[in-house]
Ligand SMILES: [Zn+2]
């Protein structure tokens, strides 16, 4: 750490952030008016601290769960309807059919039905048509769309524990475009807890019919987006975007009052030390995360697309830091090109070398299609052995605490010491990102990840396909990048010129690895495999003979896209070095 960095970090205090965590722990932030009150709380603190900010108030499309129940055998079971599920206030009745989930995949948002159910996906339409599907898991978008396509009347998901988790079930990312509307869920979805789920399984096996009822409030709502811009001293147009949601399920302390507090302290400390910033830092608090499938961040990505395209150097998401027992960094979200940068920060602050998870198609990561290098969403989490000791199942936030998305996500889920560590990690990562002369993105790491992906795909496909052209192009890209970084490291290229090039490379290579849809569109909210245009190679071997030719056709086209993208990057580098 440089003396300058030490000075900035020494200014971090828990006073402001913990005060916001405490206030948010008493405020529900999911009904539209309450969400705006949450924004007002952040805004009043920014005003008091003298931090310049802008407040936007777009109309975004939301679906807010109100009530739900499952009635069967004269009993009524408590239930929660995921956001964006079809409201059925008058009830829908039908035969219940239980398909056991593939338990490994409870949190798997794959669209591959064969991977979701313990006995595969054979005859799915025959088994589900006109019936109500009962299965274990969460009311996730992929599962919902699979049930809907198979003709199910409804879906009941059995959550793993005593608490029912809030969630969402649409594959549409953000406010839908006209052509997205066809993917809006057309069936009711309800989540029940595990004990009630076991009773429903017995009823399904006894052939008992059920009635599901749900009510949701759906429509356009004006929601506030506070944004802080801290101008860099040398290159104020360029900016690091730090962002996270302030709307939550219930009072959402671990998800995401702690994140809101982290960003508030980051804003306070960096604004005071703005002379240390070469480029700008922009900090945004989003609404519409829980009930709009990331409608707030998506609105921002849409509305400021050209500013982001031309000037944004990275996306740093802040979700669920500072939770109790979350002392481990073994599930930290990061793209390959940012790993060296984030590793050094976590090693210096927490004394741990992080392990990574590939950024998911979830959690306000609304900037993949534009092509922003990305790190965090989840930062700290509970060690695996502690989680096992507590008998906790896997969740997607709150540092691994199963209070995630429930009424138990209250003040006790936050931890002052863990929050302090996470604030220091975010601050050092963003400070360095904004202060270093050359942007910390290492595309050599990305090229080597591409090579690993191609090897895995080739191995899975066997002799039936040939990915040699893609592998050769990847090696050529790696060679070209080695040349580029040698020039950068030797100081033989002007940093401004190097940075412009590195950013332009990101606009090609991030979408290649994280998006199926065009730039400025939004991919649906389900798993995007690495190098998605080539991912059919992975499945080709298991396909029936009559589909092999179609799969090979898709692969040829995918490989062409990949080759063209890599050759574009090599040309950019050659031009910049000439
Ligand atoms: Zn969250």
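Checking the a/c ratio against 1.5 first, then a/b against b/c, what shape does the Cα gyration tensor give for the chain?
Numbers: a/c = 1.92, a/b = 1.22, b/c = 1.57.
Oblate is the answer for the chain, as a/c is 1.5 or above yet b/c matches or exceeds a/b.
What distance in nm separates the simple spin-label points at residue 520 and residue 452, each placed 7 Å from Cα in the Cβ direction?
Using points 7 Å along Cα→Cβ, the separation is 3.4 nm.
By DSSP, what percent of the beta bridges with both residues in the range 32-144 are antiparallel, rounded to the nearest 5? Let's see the in-between values first.
Numbers: 5 of 8 bridges.
In the range 32-144, DSSP labels about 60 percent of beta bridges as antiparallel.
Is the shape of the range 167-225 rounded, prolate or oblate, going by the alpha carbon gyration tensor and its root eigenvalues a ≥ b ≥ c, with a/c under 1.5 for rounded and a/b larger than b/c for prolate?
Numbers: a/c = 3.09, a/b = 2.29, b/c = 1.35.
Since a/c reaches 1.5 and a/b is larger than b/c, the shape of the range 167-225 is classed as prolate.
Mind ordering 441-453, 374-386 by average Cβ neighbours within 10 Å, highest first? List each step's numbers first, then the result.
Working: 441-453: 19.8, 374-386: 22.1.
The densest-packed peptide leads the list: 374-386, 441-453.
Multiply the residue separation of residue 386 and residue 476 by 0.36 nm, subtract the distance between their alpha-carbon atoms, and state the gained length in nm to one decimal.
27.9 nm
Return the distance in nm (one decimal) between the two label points of a simple spin-label model at residue 436 and residue 218, each offset 7 Å from Cα along Cα→Cβ.
In this crude spin-label approximation the distance works out to 4.6 nm.
Testing the spin-label approximation: label points 7 Å from Cα along Cα→Cβ at residue 302 and residue 233. State their distance in nm.
Going by the 7 Å Cα→Cβ label model, 4.0 nm.
Using a/c under 1.5 as the rounded threshold, could you call the range 244-363 rounded, prolate or oblate? The axes a ≥ b ≥ c are square roots of the C-alpha gyration tensor eigenvalues, and prolate needs a/b larger than b/c, oblate otherwise. Display every interim value, and only then the final one.
Numbers: a/c = 1.36, a/b = 1.09, b/c = 1.24.
Verdict is rounded for the range 244-363.
State the antiparallel share, in %, of DSSP beta bridges confined to the chain, rounding to the nearest 5. Provide the component values of the computation, followed by the final result.
Numbers: 35 of 65 bridges.
Among the beta bridges of the chain, antiparallel pairing accounts for roughly 55 percent.
How many percent of DSSP beta bridges within the range 92-247 run antiparallel, rounded to 5? Don't jump to the answer; show the numbers that get you there.
On the way: 5 of 17 bridges.
Percent antiparallel among DSSP bridges in the range 92-247 is about 30.
Per 0.36 nm of contour for each residue apart, how much would the distance between residue 121 and residue 149 grow if the chain were fully extended, relative to their Cα-Cα spacing?
Working: separation 28, 0.36 × 28 = 10.08 nm, distance 1.23 nm.
My answer for the length gained is 8.8 nm.
Which FRET efficiency, nearest 0.05, do residue 560 and residue 348 yield, Cβ-Cβ r, R0 41 Å?
Working: r = 43 Å, r/R0 = 1.06.
Efficiency for this residue pair is about 0.40.
For residue 541 and residue 198, what is the calculated FRET efficiency with R₀ set at 45 Å and r taken between the beta-carbons, to the nearest 0.05?
Working: r = 38 Å, r/R0 = 0.84.
So, using R0 = 45 Å, E works out to roughly 0.75.
Where in the range 473-509 does the label zone of residue 574 land, with the point 7 angstrom along Cα→C-beta and an amide N cut-off under 15 Å?
From the range 473-509, the list is 473-474, 476-481, 483-484.
With each run of n ≥ 4 DSSP H residues scored as -39500 (n - 2.57), what mean residue ellipticity at 222 nm is computed for the chain after dividing by its residue count and rounding to the nearest 500 deg cm²/dmol?
Numbers: 17 runs with 230 residues, N = 578.
About -12500 deg cm²/dmol.
Below 8 Å between Cα atoms, with a sequence gap of 6+, how large is the relative contact order for the chain in percent? Working shown, then result.
Details: 1296 pairs, mean separation 92.0, N = 578.
Over the chain, the number comes to 16 percent.
Could you line up 341, 433, 245 from fewest to most neighbouring Cβ atoms inside 10 Å? Write out the running numbers ahead of the final one.
Details: 341 20, 433 26, 245 29.
The most exposed by this proxy come first: 341, 433, 245.
FRET efficiency for residue 6 and residue 112, Cβ-Cβ distance as r, R0 = 60 Å, nearest 0.05? Spell out each step's value before the answer.
Working: r = 49 Å, r/R0 = 0.82.
The pair residue 6/residue 112 has a calculated efficiency of 0.75.
PRE reach from residue 54 (point 7 Å along Cα→Cβ): which of the range 292-312 fall under 19 Å by backbone N?
Flagged as within label range: 296-312.
Since every read-out is calculated from the coordinates, none of them should be taken as a lab result. Only a predicted model underlies this, so the values are computations on that prediction, with no experimental measurement involved. For neighbour counting, all protein chains shown are included, and Cβ atoms are generated from backbone atoms with ideal geometry for every residue, glycine included.
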